[in-house]
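The values are calculated or read from the model by the stated rules, or taken from the named source; none is laboratory data. These numbers come from a predicted model, not from an experiment. Cβ sites come from the backbone with ideal geometry, for glycine too, and all protein chains shown count toward neighbours.
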There are 2 protein chains.
Amino acid sequence: MTDFNQYASEWADRARHASRELVLASGNQKNAWLRRSAQLVRTRTAELIAANAKDIEAAPGFGLTSAMVDRLRLTDERLEGIATALEAIALLPDPIGEIFESNVRPNGLLVTRVRVPLGVVFFIFESRPNVTADAAAICVKSGNAVILRGGKEALHSNLALHRLLVEALKENGLPEHAVQLVDTTDRDAVGAFLKQSGKIDVTIPRGGKSLIERVAAEASMPVIKHFDGICHVYVDKAADLAMARSIIVNSKCQRPGVCNAAETLLVHSAIAAEFLPGAATALRDAGVELRGCPRTQEIVTDCAAATEEDFRTEYLELILSVKIVDSVEEAIAHVNEYGSHHTESIVSQDISATTRFAASCDSAAVHINASTRFNDGGEYGLGAEIGISTDKFHARGPCGLRELTSYKYVVHGSGQIK
Amino acid sequence: MTDFNQYASEWADRARHASRELVLASGNQKNAWLRRSAQLVRTRTAELIAANAKDIEAAPGFGLTSAMVDRLRLTDERLEGIATALEAIALLPDPIGEIFESNVRPNGLLVTRVRVPLGVVFFIFESRPNVTADAAAICVKSGNAVILRGGKEALHSNLALHRLLVEALKENGLPEHAVQLVDTTDRDAVGAFLKQSGKIDVTIPRGGKSLIERVAAEASMPVIKHFDGICHVYVDKAADLAMARSIIVNSKCQRPGVCNAAETLLVHSAIAAEFLPGAATALRDAGVELRGCPRTQEIVTDCAAATEEDFRTEYLELILSVKIVDSVEEAIAHVNEYGSHHTESIVSQDISATTRFAASCDSAAVHINASTRFNDGGEYGLGAEIGISTDKFHARGPCGLRELTSYKYVVHGSGQIK
């Protein structure tokens, strides 16, 4: 058996050294790297597609479904997408070195808070190779060295992409170990990396819930994560009902397989009889199966019964649980008890209700009169996103460049003593 | 054996419920609680001093030294200090509800980041009872419920203070479980609380290194901590040498037993022969024992030899290790290798050197031409401090009210769908 602890320690050391150099890299250097990487992705398509072909060939052996194989496939168009994304990240402002707070003390000390990189990021992800380039770009642009650990299904594609990224790092005077790709697909290697606290500053897992649970349980360093997205839409008694219908249909149906899609509809009892029949028709027309509480079943008579378990389920498909509540407080209590602290929407024209809902839902995002589907780094204006956090520590919600930074105090004096 | 898991789970549930109410508390309510608590501390001195007397009486049985007994003792003057500190926290701005960032998207969505409490804080501390009131005040003012776990030596004093704080909570319509004091001093109880992730949002240990190491190893939730403060003063070749002497003497001697006192002096070789003899005299006049590298010993001929271990030691007393380096880069490398990421000072008139030192020292605070002793919430203008973090995740450096908060996205729409 390979000694993965030794292996992980060496990789982490190289990353740590690279991160010390990256701290001093200018925005120009990092952006030149991003643009050169984009150029290489565009010009070395043959190489990338050949590597990807090996993964596609091996895919049935890994038990990948045809949908999964399709997500794995690199085409000219998808490579162009990767290149464009790299260039978009080059256009974002550099977060490092920003003085985002300062304060002159009575003794003349100028106390500043300066944004600095976190250091070393361990990024674990599944299949899609575009994530390789994207994650590397976000980490390095925010001054962090990254250790990438992709799925075994995409190993050849990832290695080929990684080669180009490193080539561009060297050409631009950046440390080649700023981006490392773990070259073993042994699961035990992940465990060894998760023990490297002190060398790795944060781990970001992106994939299925079981992967994320394993990482959260084993990691000795902080983890940026969300397990699932049990998102709610609450239709208040003071809702514009046409708006409410359009928001629940969009939140549920626009892309049901993602974490910010709605899984539960909460409806105030005062408008339930008026709202639910039309909403049910609209949802069913969009292919949604409804599962309701007993009061919902009284109104939508052919609706299946929702179990306790339904309200704790992230369906990720066209199923929606429905519950009637008697107050905004009851809606909040349901969200905090059954939800996953991800995204909740309230539809209401009553500012007391929206204010209360926004203050009391213990979730990363509360949307007032807007679809849950907007919880996303791009939609929020972060520019790029490496993941979404449902934790409250460090970063919450979509995580972009700035969420991969820390700060230090730099204090300017002229000989002050205490 | 008591089932501490059940016990801790119930305490954490009560705290979580209290925190849900605290989110809605106004600044006025919280400040009224602080002022009323101060008043109770001032008027119920007899009760507090009687409780404290029980602790003082029991102290020898716990093996407390006379210095420790002195720190434990409550006097009228110290109670006045506690009351004054509570009132000072009432005067600080309320961090909760602040919109600290906003952004209107092209589709009209107003995306805001709103400061919210972390939720539930588990605060573990040793002897001094004034910390009880201080920690409760900082946590509740920042909207968090707190579970306090003090040392067994101060149990009666802490219980008496806690009674007053709860009395004032009830009088002001705040949840009584906003401040809970663990009423068992069994060490196993701490372990049970440290397993309550999901209910407790952050643990803050304050005390000796072994306590903090135990907490960091066992905690299932994030921990705000620093293990030790191996702080450096680097005297550059471009230093004002009189300023350098005053800064190293102050950094080492002003209060040697605290974490932001200097433990190592780094001196550039170009000015070592000029600087060290006078600095050594000044330090020795202040009672400091010097331990130097071989090159230091050539200049300060009667200086003891510093071992490798010396440079990794937080003395917390009047001992200073000294090393001569040949460049600012070598000073930085020493700091990053031997330090504890706490506080470093550079003394130099050369802006290239100070900029490089500030950028590359991987520490919570870098002071330019100022004593290390200024790394403190009060000195930085945070107003109050619950601890210092040497981690890079969430909060770094002194932690005040704002460092006990998170944020949520609140997005204001008018029916937007994706």
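Give the residue that is modelled with the lowest pLDDT, with candidates limited to residues of region A:190-217 that are part of a helix (DSSP H, G or I) and farther than 16 Å from A:VAL121 by Cα.
Among those that are part of a helix (DSSP H, G or I) and farther than 16 Å from A:VAL121 by Cα, it is A:LYS209.
Select the helices (runs of 4 or more DSSP H) contained entirely in region A:279-382, then report the ones holding at least 1 residues which are surrounded by 17 or more Cβ atoms within 10 Å (Cβ to Cβ) and touching a residue at least 24 places away in the same chain (Cβ under 8 Å).
Counting at least 1 such residues, we get A:294-299, A:328-338, A:351-360.
Search region B:1-29 for residues that are at negative phi and touching a residue at least 40 places away in the same chain (Cβ under 8 Å) and pair each with any residue that is loosely packed, with under 15 Cβ neighbours inside 10 Å and of a type outside the set (Lys, Arg) when their beta-carbon atoms are under 6 Å apart and the residues are at least 6 apart or on different chains.
From residues that are at negative phi and touching a residue at least 40 places away in the same chain (Cβ under 8 Å), the pairs are B:PHE4/B:ASP188.
Each row is one residue, and each column tells you yes or no for (1) crowded, with 24+ Cβ neighbours inside 10 Å; (2) basic (Lys, Arg); (3) touching a residue at least 12 places away in the same chain (Cβ under 8 Å); (4) assigned to a helix (DSSP H, G or I).
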{"residue": "B:VAL233", "(1), (2), (3), (4)": "yes, no, yes, no"}
{"residue": "B:LYS237", "(1), (2), (3), (4)": "no, yes, yes, no"}
{"residue": "B:ILE247", "(1), (2), (3), (4)": "yes, no, yes, yes"}
{"residue": "B:ARG255", "(1), (2), (3), (4)": "no, yes, yes, no"}
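Counting just the residues of region B:213-241 that are farther than 25 Å from B:TYR315 by Cα and facing another protein chain (nearest Cβ under 10 Å), which one comes out nearest to the chain's Cα centre (by Cα)?
Going through the qualifying residues, I end up with B:PRO222.
Do we find that B:GLU10 is out of contact with any Cys (no Cβ under 9 Å at 6 or more places or on another chain), within 30 Å of B:GLY191 (Cα to Cα), surrounded by fewer than 16 Cβ atoms within 10 Å (Cβ to Cβ) and at pLDDT 95 or above in this structure?
Judged against the criteria, B:GLU10 is a match.
Under 8 Å between Cβ atoms, at least 6 apart or on separate chains: pull out the pairs that start in region A:131-151 with a residue that is more than 20 Å from A:PRO93 (Cα to Cα) and surrounded by 24 or more Cβ atoms within 10 Å (Cβ to Cβ) and end on any residue that is of a type in the set (D, E, K, R) and at pLDDT 95 or above.
If the second residue must be of a type in the set (D, E, K, R) and at pLDDT 95 or above, no pairs are left.
Answer yes or no: is there a residue in region A:195-212 that is among the charged types (D, E, K, R) and within 22 Å of A:LEU316 (Cα to Cα).
Taking every residue of region A:195-212 in turn, at least one turns out to be among the charged types (D, E, K, R) and within 22 Å of A:LEU316 (Cα to Cα).
Hey, can you tell me all the residues within region B:312-357 that are more than 25 Å from A:LYS199 (Cβ to Cβ) and aliphatic (A, V, I, L, M)?
B:LEU316, B:LEU318, B:ILE319, B:LEU320, B:VAL322, B:ILE324, B:ILE346, B:VAL347, B:ILE351, B:ALA353
Spot the failing condition for B:LYS418; the list is (1) in a loop (DSSP other than H, G, I, E, B); (2) over 18 Å from the mean Cα position of the chain (by Cα); (3) on the phi > 0 side of the Ramachandran plot, and only one is missed.
(3)
Filter region A:369-390 down to residues that are within 11 Å of another protein chain (Cβ to nearest Cβ), among the β-branched types (Val, Ile, Thr) and in contact with a strand residue (DSSP E or B) (Cβ under 8 Å, 6 or more places away or on another chain) and give me whichever is nearest to B:HIS412 (Cα to Cα).
The residue in question is A:THR372.
Taking region A:98-123 on its own, how many of its residues are surrounded by 23 or more Cβ atoms within 10 Å (Cβ to Cβ) and either more than 10 Å from chain B (Cβ to nearest Cβ) or acidic (Asp, Glu) (or both)?
Final tally of qualifying residues: 4.
Please specify each residue of region B:266-278 satisfying the condition of being surrounded by 21 or more Cβ atoms within 10 Å (Cβ to Cβ) and assigned to a helix (DSSP H, G or I).
Result: B:ALA272, B:PHE275, B:LEU276.
Mind listing whichever residues of region A:189-221 are touching a Pro at 6+ places or on another chain (Cβ under 7 Å) and closer than 25 Å to B:HIS341 by Cα?
Selection gives A:VAL202 alone.
Can you pull out every residue in region A:1-42 that is touching a strand residue (DSSP E or B) at 6+ places or on another chain (Cβ under 7 Å), farther than 22 Å from A:LEU161 by Cβ and part of a helix (DSSP H, G or I)? Working first, answer last.
Let us first name the residues in region A:1-42 that are touching a strand residue (DSSP E or B) at 6+ places or on another chain (Cβ under 7 Å), namely A:11-12, A:14-16, A:18-19, A:22-23.
Next cut, farther than 22 Å from A:LEU161 by Cβ only: A:16, A:23.
Scanning region A:1-42 gives a single hit, A:ARG16.
One residue is enough: does region B:167-174 have a residue meeting the conditions in contact with a Ser or Thr (Cβ under 6 Å, 6 or more places away or on another chain), touching a residue at least 24 places away in the same chain (Cβ under 8 Å) and surrounded by 18 or more Cβ atoms within 10 Å (Cβ to Cβ)?
Checked region B:167-174: at least one residue is in contact with a Ser or Thr (Cβ under 6 Å, 6 or more places away or on another chain), touching a residue at least 24 places away in the same chain (Cβ under 8 Å) and surrounded by 18 or more Cβ atoms within 10 Å (Cβ to Cβ).
Hey, can you tell me all the residues within region B:57-69 that are surrounded by 11 or more Cβ atoms within 10 Å (Cβ to Cβ), free of Cβ contacts under 8 Å to residues at least 40 places away in the same chain and under 26 Å from the mean Cα position of the chain (by Cα)? Talk me through it step by step, then tell me what you get.
Here is the first cut: in region B:57-69, the residues surrounded by 11 or more Cβ atoms within 10 Å (Cβ to Cβ) are B:58-60, B:62, B:64, B:68-69.
When the remaining residues are screened for being free of Cβ contacts under 8 Å to residues at least 40 places away in the same chain, the result is B:60, B:69.
Passing the criteria: only B:VAL69.
Show me the helices (runs of 4 or more DSSP H) found entirely inside region A:51-160 where at least 3 residues are of a type in the set (A, V, I, L, M, F, W, C) and touching a strand residue (DSSP E or B) at 6+ places or on another chain (Cβ under 7 Å).
Details: elements: A:66-72, A:76-91, A:130-141.
Answer list for region A:51-160: A:130-141.
Which residues, taken from region A:391-409, are surrounded by fewer than 24 Cβ atoms within 10 Å (Cβ to Cβ), farther than 28 Å from A:GLY108 by Cα and at the interface with chain B (Cβ under 7 Å from one of its Cβ atoms)?
Correct list: A:LYS392, A:PHE393, A:HIS394.
Taking A:HIS412 as the residue in question, decide whether it is within 10 Å of chain B (Cβ to nearest Cβ) and touching a residue at least 40 places away in the same chain (Cβ under 8 Å).
yes
Taking the condition at pLDDT 95 or above, within 28 Å of A:TYR407 (Cα to Cα) and hydroxyl-bearing (Ser, Thr, Tyr), does A:SER220 pass?
No, not satisfied.
Inside region A:174-191, can you point out the residues that are hydrophobic (A, V, I, L, M, F, W, C) and farther than 10 Å from A:LEU22 by Cβ?
Matches in region A:174-191: A:VAL179, A:LEU181, A:VAL182, A:ALA189, A:VAL190.
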